[in-house]
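Scroll down for the structure; my scribbles are underneath it.
What follows draws every value from the coordinates through simple rules; no lab data is involved. Just so you know, these numbers come straight off a predicted model, no measurement behind them. Backbone-built Cβ (ideal geometry, glycine too); neighbour counts: all protein chains shown.
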């Protein structure tokens, strides 16, 4: 989070707010009422994938884009199938963060189906 804030500052980007924590605790109706609906949500859940409450909240609030980073392709596929109700996958990029191991991070860009924004 500190690096995100720093990079935002040195690049003169002033329309961002960063939060770190468990999305099921942070991304509440009260949060959305206080701060508005985010345009982009970046999520990097644990190996178990996103909590069902988080998926439900993401579907309810309809952010234009979701960037979903995952270290477990199986749980990511499960979550993407649930998000498919309102989101389409635009891009998938596997990233070899740990060379010479079986571990790969998948970065997936999703867009709200009724959105024309890319």
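Data overview
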item	result
Choice from 28, 75, 101 with maximal GNM fluctuation in the chain (Cα, 10 Å cutoff)	101
Packing-based ranking, highest mean first, of 105-112, 9-16 given that Cβ atoms within 10 Å are counted	105-112, 9-16
Modelled label reach - residue 29, point 7 Å along Cα→Cβ, the stretch 61-76 residues with backbone N closer than 17 Å	61-62
Stretchable slack from residue 42 to residue 91, in nm (0.36 nm times residue separation minus alpha-carbon distance)	16.2 nm
Residue 61-residue 107 FRET efficiency (beta carbon distance; Förster radius 22 Å; 0.05 resolution)	0.55
Gained length - residue 6 relative to residue 18, 0.36 nm times residue gap less alpha-carbon distance	3.2 nm
Span from the the stretch 1-51 Cα centroid across to the the stretch 54-84 one, whole angstrom	15 Å
Highest average packing first - 82-91, 30-39, Cβ atoms within 10 Å	82-91, 30-39
Rounded to 5, the percent of DSSP beta bridges in the stretch 2-112 classed as antiparallel	80 percent
